[in-house]
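One structure is given below, encoded as structure tokens.
Taken together, the values in this text are just the output of simple stated rules run on the coordinates, not laboratory data. Since this is a predicted model, take the numbers as computed values, not measurements. No Cβ is skipped: glycine too gets one built from the backbone with ideal geometry, and neighbour counts run over all protein chains shown.
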């Protein structure tokens, strides 16, 4: 596959059928948090996030709620690492709620958080200052180039 393929790939807005969330809500949620924190810690170790901003996350709790899958990932940041929370806090310091397609669009940088928020596709609840810190961290993050990986060459 060529890099041109990835540049032209767009993720459509979609909502999964409601039965997916009804099944997902019955499943354990901690595996989502373990997987997410492993990825976030890899990003920290690659030094893709500014250390001064990371310090502002210390001891704060976060929730990612994927509405149409029934999946939730609760985590915190302590001692320089993201750590899963094995129970979802009643009131996390910051919560992001959206359907899977919105999170995929964010991850692919197809949409920015402001656009999704103002289109009411992404809900951000909790500490406003913390939300701005996280948003600015994500906006400033530079993803590494993958052109050296054989699967991504022309």
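General remarks:
- Read-out Rg and Dmax of the Cα atoms in Å, derived from the coordinates shown; its label in [x] 15.0, 47; [y] 14.9, 52; [z] 16.2, 48: [z]
- Modelled spin-label separation between residue 46 and residue 118, with each label point placed 7 Å from Cα along the Cα-to-Cβ direction: 3.0 nm.
- Label point distance in nm, residue 23-residue 86, each placed 7 Å from Cα along Cα→Cβ: 2.7 nm
- Taking 19, 103, 82 as the candidate residues, the one with maximal mean-square fluctuation in a Gaussian network model of the chain, Cα springs under 10 Å, is 19.
- Helix-derived mean residue ellipticity, 222 nm - over the chain, DSSP H n ≥ 4, -39500 (n - 2.57), to 500: -11000 deg cm²/dmol
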